[in-house]
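Participant: The structure under discussion is supplied below as structure tokens; questions concerning it will follow.
Read the figures in this text as sums done on the coordinates, not as results from a lab. These figures come from a predicted structure and were not determined experimentally. Reconstructed Cβ throughout: ideal geometry from the backbone, glycine too, with neighbour counts over all protein chains shown.
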Amino acid sequence: MPIRISKVLSCVDGTFLQDPRFKGRLGDVVGVLTAMKEHPLANGPAWTMDVTIEDQGRVQVIPMALDRFLSDEEYRQSFASPLCFAQLDMTPAQKEPSRGPQEARNIWLYRDALYVTERTPKESELDEVVLRIKSLHFQDDEALKRLREQVANFEAIERNLAAHPVREAIPDDVKLLVWTRDGGACIKCGSTVELQFDHIIPLSRGGGDQAENIQLLCRSCNLAKGPRLV
């Protein structure tokens, strides 16, 4: 059975912030972080965590400094591959409880974000955990890229409208030709809803209203295309 992975915290400017999609018990992760003792080298990153305290209806957020429980080498390793808290170095004088409770085996650090497994992974599942954590990271990274492209597309449209407030509509005979040629469906995904006539080469880049320069795209594919020509 696949083991589920959740992103819990992301480090932004040195402070751990809760991922809004995480619905589990944040207290378990906070308990591990606050129980971690400073690494003997004390040369790892200095992190803080915002702790929310509610008292008689008043909500107060207090930044709490965490001990430097990572070495610089461990921190660099966590950018190459997910690092389980149970893998962290310990000196002979240290005992496991001082480095965090049993839940530490379910917490992983990868590229300044903390992930948890739904249960303690078995030895045979460790490779799967690593792959799933990396997959979550790159999915978020790709989503951010698409968001940047969509914003760039909207900004380009806004600039174009400001520079050319009045634009002649695509002739009806051209629309009919394109609609027939593309089969009344998005040429990217085949959707037949929210279709738009897209200029392959934008008018702002010298494109025209000829049928050869127009294609049918659904709204989602058109937004995903952004300022690109393909």
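Participant: For the Cα atoms of the chain, what angle does the longest principal axis make with the long axis of helix 126-163, in degrees from 0 to 90, nearest 10?
Facilitator: Roughly 40 degrees, rounded to the nearest 10.
Participant: Next up: Normalised by the residues of region 5-141, what does the relative contact order come to in percent, with Cα pairs under 8 Å and at least six apart?
Facilitator: It comes to 27 percent, rounded to a whole number.
Participant: Okay, moving on. Computed from these coordinates, which is percent of Cα pairs over 32 Å apart: (i) 45; (ii) 28; (iii) 21?
Facilitator: Given (i) 45; (ii) 28; (iii) 21, the structure-derived one carries the label (i).
Participant: Another one. Leaving out same-chain residues fewer than 8 places away, which aspartates and glutamates sit with a Cα under 14 Å from that of Lys175?
Facilitator: Lys175 reaches Asp198, Asp209, Glu212.
Participant: Within 10 Å of each residue's Cβ, count the other Cβ atoms and sort Asp67, Asp127 from fewest upward.
Facilitator: Fewest-to-most ranking of Asp67, Asp127: Asp127, Asp67.
Participant: Would you order Met1, Met36, Met64 from fewest to most other beta-carbon atoms within 10 Å of each residue's own beta-carbon?
Facilitator: If I rank by nearby Cβ atoms, fewest first, I get Met1, Met64, Met36.
Participant: Charges only on Cβ, +1 for Lys and Arg, -1 for Asp and Glu: so what's the dipole of the chain about the Cα centre, in debye to the nearest 20?
Facilitator: Dipole about the Cα centre, nearest 20: 220 debye.
Participant: Could you check which residue among Pro20, Pro171, Pro202 shows the biggest mean-square fluctuation in a GNM of the chain with a 10 Å Cα cutoff?
Facilitator: Of the options given, Pro171 has the highest mean-square fluctuation.
Participant: Computed from the mean reciprocal separation of all distinct C-alpha pairs, what Kirkwood hydrodynamic radius does region 5-141 have, in Å?
Facilitator: The Cα-based Kirkwood calculation yields 15.6 Å.
Participant: How would Leu70, Leu176 line up from fewest to most surrounding beta-carbon atoms within 10 angstrom?
Facilitator: Lowest to highest Cβ neighbour count: Leu176, Leu70.
Participant: Sequence gap at least 6, Cα distance under 8 Å: using those rules, report the relative contact order of the chain to the nearest whole percent.
Facilitator: Relative contact order, the chain: 17 percent.
Participant: Provide the packing ranking of 53-62, 137-146, 190-199, i.e. peptides ordered by the mean count of other C-beta atoms within 10 Å per residue, highest first.
Facilitator: Per-residue Cβ counts within 10 Å, averaged per peptide and sorted highest first, yield 190-199, 137-146, 53-62.
Participant: Follow-up. Hey, which of these cross-link pairs are over 27 Å Cα-Cα: Lys23/Lys134; Lys23/Lys145; Lys23/Lys225; Lys134/Lys225; Lys23/Lys122?
Facilitator: Table pairs above 27 Å Cα-Cα are Lys23/Lys225.
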